[in-house]
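The values are calculated or read from the model by the stated rules, or taken from the named source; none is laboratory data. It should be emphasised that the depicted structure is a prediction, and the values quoted were computed from it without experimental measurement. Here the Cβ is made from the backbone with ideal geometry for all residues, glycine too, and neighbour counts use every protein chain on show. Note: areas computed on protein heavy atoms with side chains; ligands, DNA, RNA excluded. Shrake-Rupley method; radii C 1.70, N 1.55, O 1.52, S 1.80 Å.
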Amino acid sequence: MSTLTRKQREVRQRELMLLDVARKILIEQGYAGLTMDRVAEATEYSKWTVYQHFATKEDLVAALLIQSTEHRLELFTKARTFRGRPRERLCALGVADELFTLKHPHSFRSEQIIKMADLENRASPARRETMERQDDCISGWIRETAEEAAAAGDLALPRSLTPGDLTFSLLAMVLGSHSLRVNHGRMLEGLLSAEPLIALRSSVHVLLDGYGWKPLLSEWDYDATYRRIYGETFADEPAIRAIESLRR
């Protein structure tokens, strides 16, 4: 395992600081308000120094997206260690997603801005490749769980549907719900019977029941499953208490 030199650690710390400042500017002033000059001014580094880390503004924005997805993948990787039936392990991935939105609200908000503007397509080839690989991990792990459920006899999809179709349905529901929660909160006022994250969780279970993914909600104590996920997989995550409190 390689160890970074002192100089490499300093460069890495400076890059992280530049990203933190850039994310704050992006959230407060939008994509148009984010400039290399403003990042340099806010950090008291020269613009030349900023360009040492990021070749273009688009490359900087891509780096923000990569950092955000890294945080999500760290939580998803922990979720994949949970032992249980495939649908229970999908629940663990759902908890990881909930934790991400609570632990990294600024990352999540900036991610929404970047994704909606399709800015990652103008990134450098290396960063674009990293983003594609990260996206493949997230969708691939969900699809893999559905495939394992089918192999175990817990999921029998009609011939016209595939695990990929189910994955699309889940991603559409989850990403759409988060977009509504972050960007259209006023629209949700008076609509939901529970906090948005809990309403989303309930809706996902209804969707999975509709696909016939066993054990069905009426056949299984998923509250016990979630308690196991909290205690066995995410006990070291302080934000898990915030999720537990939403259920009360």
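Write out, first by first residue and then by second, each pair whose Cβ atoms fall under 6 Å of each other, whose residues are 6+ apart or on separate chains, and whose first residue, in the range 46-61, is closer than 20 Å to Gln112 by Cα while the second is at pLDDT below 85 and open to solvent by 50 Å² or more (accessible area, probe 1.4 Å).
Between residues of the range 46-61 that are closer than 20 Å to Gln112 by Cα and residues that are at pLDDT below 85 and open to solvent by 50 Å² or more (accessible area, probe 1.4 Å), the close pairs are Glu58/Arg122.
Thr167 fails exactly one of the following numbered conditions: (1) part of a helix (DSSP H, G or I); (2) modelled with pLDDT of 95 or more; (3) over 18 Å from the mean Cα position of the chain (by Cα). What is the number of that condition?
Tallying (1) part of a helix (DSSP H, G or I); (2) modelled with pLDDT of 95 or more; (3) over 18 Å from the mean Cα position of the chain (by Cα), Thr167 fails exactly one: (3).
Across the range 127-158, what is the number of residues that are in a helix (DSSP H, G or I), aliphatic (A, V, I, L, M), modelled with pLDDT of 95 or more and surrounded by 15 or more Cβ atoms within 10 Å (Cβ to Cβ)?
Restricting attention to the range 127-158, the residues satisfying the condition of being in a helix (DSSP H, G or I) are 127-152.
Those left that are additionally aliphatic (A, V, I, L, M): 131, 138, 142, 146, 149-152.
Now narrow it down to the ones that are modelled with pLDDT of 95 or more: 142, 146, 149-152.
With surrounded by 15 or more Cβ atoms within 10 Å (Cβ to Cβ) added as a condition, the list becomes 142, 146, 149-150.
The number of residues fulfilling the criteria is 4.
Among the candidates Glu88, Glu70, which residue alone is within 23 Å of the chain's Cα centre (by Cα), open to solvent by less than 20 Å² (accessible area, probe 1.4 Å), closer than 19 Å to Ile138 by Cα and touching a residue at least 60 places away in the same chain (Cβ under 8 Å)? Give the derivation first.
On the way: Glu70 fails: open to solvent by less than 20 Å² (accessible area, probe 1.4 Å).
The conditions single out Glu88.
Applying the selection to the range 196-243, what residues are small (Gly, Ala, Ser) and open to solvent by less than 40 Å² (accessible area, probe 1.4 Å)? Lay out the reasoning, then the answer.
The first filter runs over the range 196-243 and keeps only residues small (Gly, Ala, Ser), leaving 199, 202-203, 210, 212, 218, 224, 231, 235, 239, 242.
Of everything in the range 196-243, those that are small (Gly, Ala, Ser) and open to solvent by less than 40 Å² (accessible area, probe 1.4 Å) turn out to be Ala199, Gly212, Ala224, Ala239.
Give me the helices (runs of 4 or more DSSP H) completely within the range 190-248, filtered to those with at least 2 residues that are within 23 Å of the chain's Cα centre (by Cα) and at pLDDT 95 or above, ordered by residue number. First the steps, then the outcome.
Working: elements: 196-210, 222-228, 240-246.
Filter on the range 190-248 gives 196-210, 222-228.
For residues in the range 14-29 being over 14 Å from Glu41 (Cα atoms) and in contact with a Ser or Thr (Cβ under 6 Å, 6 or more places away or on another chain), which is surrounded by the most Cβ atoms within 10 Å (Cβ to Cβ)?
Arg23
In the range 46-59, which residue that is in contact with a helix residue (DSSP H, G or I) (Cβ under 7 Å, 6 or more places away or on another chain) and at pLDDT below 90 is least open to solvent (accessible area, probe 1.4 Å)?
Step by step, filter the range 46-59, then rank; the result is Asp59.
Pick out the one residue from Thr130, Thr162 that is of a type in the set (S, T, N, Q), more than 25 Å from Ala242 (Cα to Cα) and within 18 Å of the chain's Cα centre (by Cα). Spell out the reasoning first.
Details: Thr162 fails: within 18 Å of the chain's Cα centre (by Cα).
Among Thr130, Thr162, only Thr130 is of a type in the set (S, T, N, Q), more than 25 Å from Ala242 (Cα to Cα) and within 18 Å of the chain's Cα centre (by Cα).
Six or more apart or on different chains, Cβ under 6 Å: which pairs go from a residue in the range 221-248 that's farther than 21 Å from His205 by Cα to one that's of a type in the set (D, E, K, R) and open to solvent by 60 Å² or more (accessible area, probe 1.4 Å)? Could you list them?
Between residues of the range 221-248 that are farther than 21 Å from His205 by Cα and residues that are of a type in the set (D, E, K, R) and open to solvent by 60 Å² or more (accessible area, probe 1.4 Å), the close pairs are Ala239/Lys103.
Within the set of pairs 6 or more residues apart or between chains, which connect a residue that is closer than 18 Å to Ser203 by Cα and free of Cβ contacts under 8 Å to residues at least 24 places away in the same chain inside the range 146-170 to a residue that is assigned to a loop (DSSP other than H, G, I, E, B) and open to solvent by 30 Å² or more (accessible area, probe 1.4 Å) with Cβ atoms less than 9 Å apart?
From the range 146-170, the pairs are Asp165/Leu157.
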